[in-house]
Amino acid sequence: PQGRESFHMTLNVAIAGLGAIGLRLASMLDQGLVDGVTLSAVSANDLERAGQRVAGLSNTPKVVALRELPGHADVIVECAPARVFAEIAGPTVAQGRIFMPLSVGALLDHLDLAEEARQTGARIIVPTGALIGLDTVRAMAVGEIHEVRLETRKPPAGLEGAPYLVENEIDISNLTEAKRVFAGNARAAAKAFPANVNVAAALALAGIGPDLTQVEVWADPAVNRNHQTVTIRSDSGEAQMTIANIPSAENPRTGRIVAQSVIAALRRLTSPLIAGS
């Protein structure tokens, strides 16, 4: 029809946290991997160091305090430690921005943000991250899901220092065979391993919730990748999906695919053609 405007969306993106994921994401955005998206601002606990880390980018973003990020961007991607989650999420949702959290386990303790977003016009978009098959889980959840299970199997180095292991004095330093170190629901898993199993929280939000989603965590010296296996039974079928992610060279607790998952999520926001539900 005459007068109809073509689809073209431009977005400013800010990154909270410049660790292994955040810094790689900043570099990818600076390379122009998402049409219509500009990296406008970054933040971290140490602002001086954050400025040094992005100084080599072609287009240097502003470096601001965490709470100031929503004033500089349409989309805030949270890549920070879970302890500062609320400091980032609160202002972002209050100002009606798009919030992409990677500390998804922390989101389980702040689900009231969803209702606030309804009032402010904000959106909370959880990237798939290091998992597989969330589109299948969401589709099955339209009907009735009977069971969802996640088995996380990682090299011991990818689990070292987790609060659950420290509190329960579980030693995984000299394993010669696989050891199950946790079994419980996704809510408990997110608290036990806040830097390791955010995939459990993402799976729970896509499916039947954190209290019904069952999780096992294994430390396995025989693997050199982060393995995630999802098993689901529903009234529309059954599925078992496994992904073996290459750990990040900078941080073995996370996978290289996580930053790429954020890029894919941003592309869904700006692309006129989207494949997958």
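The values are calculated or read from the model by the stated rules, or taken from the named source; none is laboratory data. Just so we're clear, the structure is a prediction, and the values are computed from it rather than from any experiment. Cβ placement follows ideal geometry from the backbone for every residue including glycine, while neighbour counts extend to all protein chains displayed. Each accessible area value is taken on the protein alone, full model and side chains, heavy atoms only, with ligands, DNA and RNA left out. Shrake-Rupley method; radii C 1.70, N 1.55, O 1.52, S 1.80 Å.
Identify, from the list Ala73, Ala89, the residue that is free of Cβ contacts under 8 Å to residues at least 60 places away in the same chain, open to solvent by less than 30 Å² (accessible area, probe 1.4 Å) and not in a strand (DSSP E or B).
Ala89
How about the range 39-62: which of its residues are outside any loop (DSSP other than H, G, I, E, B) and in contact with a strand residue (DSSP E or B) (Cβ under 6 Å, 6 or more places away or on another chain)?
Hits for the range 39-62 are Leu39, Ser40, Ala41, Val42, Ser43, Leu47, Ala50, Gly51, Val54, Lys62.
Scan the range 110-140 residue by residue and report those that are exposed (fewer than 14 other Cβ atoms within 10 Å of the Cβ) and of a type in the set (Asp, Glu).
Asp112, Glu115, Asp135
Given the structure, is Gly51 open to solvent by 20 Å² or more (accessible area, probe 1.4 Å) and either farther than 19 Å from Glu78 by Cβ or not polar (S, T, N, Q) (or both)?
Yes; evaluated as a whole, the condition is true for this residue.
For Pro272, indicate whether it is touching a Ser or Thr at 6+ places or on another chain (Cβ under 9 Å), farther than 25 Å from Met140 by Cβ, touching a residue at least 24 places away in the same chain (Cβ under 8 Å) and not hydroxyl-bearing (Ser, Thr, Tyr).
When the stated conditions are applied, Pro272 passes them.
I'd like to verify a number: residues in the range 25-38 that are crowded, with 21+ Cβ neighbours inside 10 Å and either of a type in the set (Gly, Ala, Ser) or not in a loop (DSSP other than H, G, I, E, B) (or both), how many?
So the count comes out to 4.
Can you tell me which residues in the range 141-183 are among the basic types (Lys, Arg) and either open to solvent by 40 Å² or more (accessible area, probe 1.4 Å) or without any contact (Cβ under 8 Å) to a residue 24 or more places away in the chain (or both)?
Arg149, Arg153, Lys179, Arg180
Hey, can you tell me all the residues within the range 231-252 that are among the hydrophobic types (A, V, I, L, M, F, W, C), in a strand (DSSP E or B) and more than 17 Å from the chain's Cα centre (by Cα)?
Result: Ile232, Ala239, Met241.
Quick check: anything in the range 60-78 modelled with pLDDT under 95 and farther than 23 Å from Ile274 by Cβ?
No, the range 60-78 has no match at all.
Only residues in the range 36-49 that are closer than 13 Å to Leu66 by Cα and modelled with pLDDT of 95 or more count as the first member; pair them with residues that are small (Gly, Ala, Ser) and in a helix (DSSP H, G or I), Cβ under 9 angstrom, at least 6 apart or cross-chain, and list the lot.
Listed pairs, sorted by first residue: Ala41/Gly71; Val42/Gly22; Val42/Ala26; Val42/Ala50; Val42/Gly51; Ser43/Ala50; Ala44/Gly22; Ala44/Ala50.
Looking only at the range 7-17, filter to residues that are open to solvent by 10 Å² or more (accessible area, probe 1.4 Å) and in a loop (DSSP other than H, G, I, E, B); which one of those is farthest from Glu250 (Cα to Cα)?
Only one residue tops the list, namely Phe7.
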